[in-house]
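Quick notes on the structure that follows.
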Amino acid sequence: MTQAAAGRWPVVIGEAAARSHVSARMIRHYESLGLLPKVARTESGYRLYTEADVHTLRFIRRARDLGFSMQEIEALLGLWQDRSRASSQVKQIAERHMVDLEQRIAAMQDMRRSLQSLVRCCHGDDRPECPILDELASQPGVQSASAG
């Protein structure tokens, strides 16, 4: 019977990775950043992860899935672990992140509109002329000869 089937704790890094859906490489990275506390080791040096460690890894994974930065995750982890926290602090971090996401979405929508315009201008045939390449090669603030 495997450790996963038995539900035994602590587990080695491979099992912690499987249970948290975070790669072993990223688990070591999170440890190096201090997002995950240093874990116990076996006599032969294998890391051992507790159920709480795996829960923390799942928290980090979910926060990353929502696009939070490592700095924001560090702050959120601290608040999650602080039972005397004010939820207003958590909300403030989430609201700032939402504003950032909205700005990035708007920038991507602008890029999409620009690309749509360029694609409409390109004939996409055997001719070598290509307005997409012309635009990419143009210098910002300098009007191309064909645009005048």
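Derivation of every value follows stated rules applied to the coordinates shown; laboratory data play no part. Keep in mind the model is a prediction, meaning the values are calculated, not measured. Quick reminder, even Gly has a Cβ in these numbers, built from the backbone with ideal geometry, and neighbours come from all protein chains shown.
Across the range 39-46, rounded Karplus estimates of 3J(HN,Hα) from the backbone phi angles (6.51 cos²θ - 1.76 cosθ + 1.60, θ = phi - 60°) give 9, 5, 10, 6, 4, 8, x, 6 Hz, Gly and Pro being marked x. Scoring 28-36, 116-124 by mean Cβ neighbours within 10 Å over their residues and listing the highest first yields 28-36, 116-124.
Extension gain, Leu115 to Leu33: 0.36 nm times the residue separation minus the Cα-Cα distance gives 25.7 nm.
Distance from the Cα centre of the range 5-57 to that of the range 77-148, in angstrom? Using only Cα atoms to place each centre, the spacing works out to 37 Å. Panel note: the C-alpha atoms of the chain, placed on their principal axes, show extents of 73, 41, 24 Å (largest first). Seen against the Cα atoms of the chain and their longest principal axis, helix 70-81 is set at about 30 degrees.
Arranged by the count of other C-beta atoms within 10 angstrom, fewest first, what order do Asp100, Asp125 take? Let's see the in-between values first.
Numbers: Asp100 14, Asp125 8.
Exposure proxy ranking, most exposed first: Asp125, Asp100.
Rounded to the nearest 10 degrees, what's the angle between the helix 87-121 long axis and the longest principal axis of the chain, both from Cα atoms, 0 to 90? Helix 87-121 sits at roughly 30 degrees to that axis. Run a plain Debye calculation on the range 1-84 (Cα atoms as equal point scatterers, no solvent) and give log10 I(q)/I(0) at q = 0.12, 0.23, 0.25 Å⁻¹, rounded to two decimals, same order as the q list. Result of the Debye calculation: -0.35, -1.13, -1.28.
Computed from the mean reciprocal separation of all distinct C-alpha pairs, what Kirkwood hydrodynamic radius does the range 86-139 have, in Å?
14.1
Using amide H atoms built 1.01 Å from N in the peptide plane, name the residues 5+ places from Tyr49, or on other chains, whose amide H lies under 5 Å from its own. So Tyr49 has HN proximity to Val11, Val12.
From the square roots a ≥ b ≥ c of the eigenvalues of the alpha-carbon gyration tensor of the range 36-98, which class results: rounded (a/c under 1.5), prolate (a/b over b/c), or oblate? Mind showing how you got there, number by number?
Numbers: a/c = 3.31, a/b = 2.09, b/c = 1.58.
Prolate is the answer for the range 36-98, as a/c is 1.5 or above and a/b outweighs b/c.
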